[in-house]
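See below for the structure under consideration.
The values are calculated or read from the model by the stated rules, or taken from the named source; none is laboratory data. Owing to the predicted nature of the structure, the values given are computational and were not obtained by experimental measurement. Heads up: the accessible areas ignore ligands, DNA and RNA and are worked out on the full protein's heavy atoms, side chains in. Shrake-Rupley method; radii C 1.70, N 1.55, O 1.52, S 1.80 Å.
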Amino acid sequence: MAITFDKALGIHEQALVARSQRAQVLANNLANADTPGYKARDVDFQAMLKQATEASRGEGVARTHSSHMDVSGSGGSPELLYRKPHQPSIDGNTVDAQQEQSRFMRNAMDFQASFEFLSSKFSGLSKAIKGE
């Protein structure tokens with residue numbers, strides 16, 4: 001019975017990709033904290049992870065006819081959502097820099113946790129291959 005990387009690594013591979021994409025969105029929010037009229041954006045991490053998991057398992061929506069739209073979510077960017085502000089600024093900017101920094105740091109810690117878990121998985125697989 002062959003072991004595939006998908007089974008051996010679990011959800012953490014998709015989590016790294018999703019966390020990386022979310023980091024880009026949050027960094028963009030921070031970069032535009034003083035831009036008049038800029039609306040803070042975010043992605044639904046749970047939905048991204050669910051979509052990636054279903055795609056890797058072959059679940060989800062199936063395209064049964066050539067004229068059907070392909071909604072499998074293969075590749076592409078996550079859906080960007082607008083964040084509802086607690087108190088928008090007078091110039092229309094909805095970025096709260098402190099909250100964005102907090103979200104960015106939390107996302108970075110979660111990315112690091114998934115990365116460390118994958119690193120230990122690869123270390124374990126390497127030891128198993130070497131027979132240690």
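Using 0.36 nm per residue, how much length does the chain from Ser123 to Ala47 gain when fully extended, once their Cα-Cα distance is taken away?
The Ser123-Ala47 span can extend by a further 24.4 nm.
With every protein chain left in place, what is the accessible area of Lys127 in Å² (1.4 Å probe, nearest 10)?
100
Taking a 1.4 Å probe, which of His12, His86 shows the most accessible area, and what order do the others take after it?
His86, His12
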